[in-house]
Amino acid sequence: MKKIVIATIAALAVSSTLMAAIPRSCNACHGDDGSKNTVKKDLVPNKLSSAEISTKLHAFRAGTEGTVMKVMAKPLTDAQIAEVAKAWAKK
């Protein structure tokens, strides 16, 4: 029983850390909730739909758009892009 509890707690901690780490890597320019953009004031993540955020991040990752964001989005996985899009999309 103790092993199950410890394994469950560890799994939850890893899951929470990974989910929290995705937007944190973006916080310097976009804030905790995607409400800022220090480079392009008209492209604030939380003013976009989930689909728009996803499309932009995929374009940045592919290198077809952006400057700084090409570098920032390059290591993102499809799952991370989906998580950021879901977390920051306009409500």
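Just checking, how many residues over the range 27-65 are β-branched (V, I, T) and out of contact with any helix residue (DSSP H, G or I) (no Cβ under 7 Å at 6 or more places or on another chain)? Final tally of qualifying residues: 3.
Taking first residues from the range 22-51 that are farther than 15 Å from V71 by Cα and touching a residue at least 24 places away in the same chain (Cβ under 8 Å) and partners that are polar (S, T, N, Q) and not in a helix (DSSP H, G or I), the Cβ contacts under 6 Å between residues at least 6 apart in sequence or on separate chains come to N46/S35. Within the range 53-66, being free of Cβ contacts under 8 Å to residues at least 24 places away in the same chain and not polar (S, T, N, Q) holds for K56, H58, A59, F60, R61, A62, G63, E65, G66. Identification of helices (runs of 4 or more DSSP H) wholly contained in the chain with 3 or more residues that are modelled with pLDDT under 90 and out of contact with any His (no Cβ under 7 Å at 6 or more places or on another chain) yields 2-24.
The values are calculated or read from the model by the stated rules, or taken from the named source; none is laboratory data. Model, not experiment: these values are computed from the prediction. Cβ atoms come from the backbone with ideal geometry, glycine included; neighbour counts cover every protein chain shown.
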